[in-house]
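Before any comments, here is the structure.
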């Protein structure tokens, strides 16, 4: 029973991470910003109990400056 609960919790965590990733990508697009490497970190998903991390990745200096402007 505990293993099933653990598995269900992990599935919910991954689903929440995927939904958050979509929301972040959409918000960035509305601000005119694209992060080409935006995604879920595969290392966090490969664990027995997935603990997803959002990988923001690398971007150009121009994109970083636009991010700064939006966040201010």
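The values are calculated or read from the model by the stated rules, or taken from the named source; none is laboratory data. The structure presented is a predicted model; accordingly, all values stated were derived computationally and were not measured. So basically every Cβ, Gly included, is an ideal-geometry build from the backbone, and we count neighbours across all protein chains shown.
Per-structure values
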| quantity | calculated |
| --- | --- |
| Residue count for region 12-27, restricted to those that are over 12 Å from the mean Cα position of the chain (by Cα) and surrounded by 11 or more Cβ atoms within 10 Å (Cβ to Cβ) | 1 |
| Residue match in region 43-56 (condition: part of a helix (DSSP H, G or I), modelled with pLDDT under 95 and touching a helix residue (DSSP H, G or I) at 6+ places or on another chain (Cβ under 8 Å)) | yes |
| Residue that is nearest to the chain's Cα centre (by Cα), among those in region 57-72 that are more than 27 Å from residue 12 (Cα to Cα) and not in a helix (DSSP H, G or I) | 58 |
| Unique residue being farther than 21 Å from residue 72 by Cα and part of a helix (DSSP H, G or I) when the list is 17, 27 | 17 |
| Residue list for region 30-42, restricted to those being in a helix (DSSP H, G or I) and under 11 Å from the mean Cα position of the chain (by Cα) | 42 |
